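Just so it is clear, none of the values below were taken in a lab; they were calculated from the coordinates. The structure presented is a predicted model; accordingly, all values stated were derived computationally and were not measured. As a convention, Cβ positions derive from the backbone with ideal geometry for all residues, glycine included, and neighbour counts pool all protein chains shown.
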Amino acid sequence: TKELIAWGPGPRACQQLIVGGKVRAVLRGRFHVTVEDIEALAYPVLRHRIVPTFNAEAEGIKVDEIIRRVLKETPRHDAKQVM
């Protein structure tokens, strides 16, 4: 997916994912952020922060597809393994 992105999100995008994840968790009655919280916020937080390459646009690959691919390629760890 790296070859599809001409300009990517900066540090504020990460901050917004974290803050948004916390808010989403609290609104759902939880005190912890889940992978699902971050995935749900990835599109609205990242959509306007990614500029696709010319080749991506020529192939008809939209920003939402790039985000989907990034989420698919990102490894997920079981919380039990982390603790």
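Annotations for the structure displayed:
- Enclosed volume per residue, in Å³, of the convex hull spanned by Cα atoms of the chain: 98
- Each residue, Ala13 and Glu73, gets one label point 7 Å from its Cα in the Cβ direction; the gap between the two is 1.3 nm.
- Ranking His32, Gln16, Ile61 by Cα position along the charge dipole of the stretch 2-75, where only Lys, Arg, Asp and Glu carry charges on their C-beta atoms, puts His32 farthest toward the positive end.
- In the chain, the calculated helix contribution to ellipticity at 222 nm averages -17000 deg cm²/dmol per residue, counting -39,500 (n - 2.57) for every DSSP H run with n ≥ 4.
- Unit charges on C-beta of K, R, D, E only; dipole of the chain, Debye: 380
- 23 Å Cα cut-off, lysine pairs counted over the chain (separation 8 or more, or different chains): 6
- Potential lengthening of the chain between Ile5 and Asp64 amounts to 20.1 nm, from the contour at 0.36 nm per residue minus the alpha-carbon distance.
- Spin-label model, Thr34 to His48: label points 7 Å out along the Cα-to-beta-carbon direction sit 2.9 nm apart.
- The stretch 2-75 - percent relative contact order, Cα under 8 Å, separation 6 or more: 40
- Between 0 and 90 degrees, the angle of helix 11-27 with respect to the longest Cα principal axis of the chain falls at about 40 degrees.
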